[in-house]
1. Pairs LYS198/LYS346; LYS237/LYS291; LYS213/LYS346; LYS291/LYS346; LYS229/LYS346; LYS198/LYS237: which are spaced more than 26 Å apart, C-alpha to C-alpha?
2. Report the label-to-label distance for ARG307 and VAL325 in nanometres (one decimal), using points 7 Å from each Cα along the Cα→Cβ vector.
3. Could you give the length gained by full extension between VAL290 and LEU32, i.e. 0.36 nm per residue of separation minus their alpha carbon distance, to one decimal place?
4. Counting only residues 5 or more places away or on other chains, whose amide H sits under 5 Å from the amide H of GLU270 once H atoms are built in the peptide plane?
5. Compute the whole-percent fraction of alpha carbon pairs in region 266-344 spaced more than 15 Å apart.
6. For region 1-152, max minus min Cα coordinate along each principal axis, in Å, sorted largest first?
7. Say each of LYS229 and VAL97 gets a label point 7 Å from the Cα, pointing the same way as Cα to Cβ; how far apart are those two points in nm?
8. At 15 angstrom or more along the helix axis (alpha-carbon based) and mean Kyte-Doolittle of 0.5 or higher, what helices does the chain contain? Whole DSSP H runs only.
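Just so it is clear, none of the values below were taken in a lab; they were calculated from the coordinates. Here the structure is a predicted model, which means the values were calculated and not measured. Quick reminder, even Gly has a Cβ in these numbers, built from the backbone with ideal geometry, and neighbours come from all protein chains shown.
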Amino acid sequence: MSHKGVFIMSTKKMMRAWQLPEGCTSQDQLTLVELPVPTPGPHEVLIRVQANSLNYRDQAIARGLYLGGAIKSAGVPLSDGAGVVEAVGANVTRFAVGDRVAGAFFQGWLDGPPRGVFGEALGCPPARGMLADYVALPESGVIALAPSLSFEEASTLPCAGVTVWNALMAGLRPVQAGHTVLLIGTGGVSLLALRIAKAAGARVIATSSSDAKLARVRELGADLTLNYKEESNWGAKAAEMAGGRIDHVVEVGGLGTLAQSIQAVGFGGEIALIGVLSRQGEANPMPLMVKGAAVRGIFVGSVAMARELNEFVEQHTIRPVIDRVFDFNDARAAYAYQSSGELFGKVVIANPA
């Protein structure tokens with residue numbers, strides 16, 4: 001540009017970022033673009049992102065099926081990312097250059113129960129997303145990583161991990177030794193729930209439609225397994241296998257599986273309602289009344305929960321289950337694989353410096 005007749009070359013540093021267009025309805029519309037590197041504000045940290053992970057929510061956003069429908073403006077997707085602090089704003093006190101960090105899913109839900117105002121949820125444009133070389137976030141919405149985790153492992157926790165922590169550890173009866181936990185499927189949430197429940201001393205019943213995946217989940221520590229494709233009334237069967245004492249159900253299926261979860265949960269137990277994989281189905285709540293059981297809605301969790309999770313992960317040397325790692329340039333392939341029936345655990349996109 002020119003100023004008083006003098007040509008001045010811009011020195012603004014650029015970065016790579018994946019972007020979804022306004023009105024996006026397909027992951028195939030994901031485009032690799034160049035954007036200016038963000039400048040952190042006085043209370044912000046600039047993160048050099050090293051790894052991202054995918055969640056079902058990201059698929060729904062790309063397909064225009066998330067809450068509110070298709071996105072109204074173009075933007076960078078993904079809530080989950082971990083990396084290194086590259087720079088800090090003038091008023092930042094909690095972090096320094098070189099710290100290993102991740103962004104919290106809800107930037108404005110710092111602590112306590114949800115009160116209807118969560119603040120910015122990363123990864124759904126126009127909110128900021130993590131699938132870029134650099135992201136600037138308020139320091140209040142940034143957490144330190146568990147030191148023992150790689151960036152790839154740490155990137156799996158902001159959405160799925162905090163969701164599990166809220167489901168199993170933030171309710172009226174946190175999971176403890178002697179409890180029984182029922183898991184549905186072998187996706188990222190369910191396998192993180194397996195890790196956390198076993199670390200807490202609980203017994204775990206895992207379900208899947210694949211005997212091969214059930215064999216793998218037993219290797220990871222599941223005590224009992226059940227093929228729900230072969231057992232149409234699998235909720236009652238799971239209850240029978242547990243002697244009627246299922247304390248927690250991690251319900252990731254939605255309306256399509258809720259009726260079975262209600263059959264499975266035991267007296268005084270809790271169903272953590274997480275998933276919307278299926279929006280078709282009916283569930284009679286009457287058995288909950290008889291059992292004194294409850295359904296609790298889970299929408300990820302707070303920044304404080306994210307900190308507690310990372311402390312617990314470090315204390316118990318928990319390693320998230322990563323299915324496949326894709327290169328940053330292959331983000332579209334990562335989306336495709338994550339939505340396939342092959343999935344076992346988390347899909348990660350690596351972007352090392």
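1. As for pairs spanning more than 26 Å Cα to Cα, those are LYS291/LYS346.
2. 2.9 nm
3. Contour length minus the Cα-Cα distance gives 87.5 nm.
4. HIS248, VAL249, ALA294
5. In whole percent, the long-distance tail amounts to 76.
6. 54, 37, 31
7. It works out to 5.4 nm between the two label points.
8. 188-199
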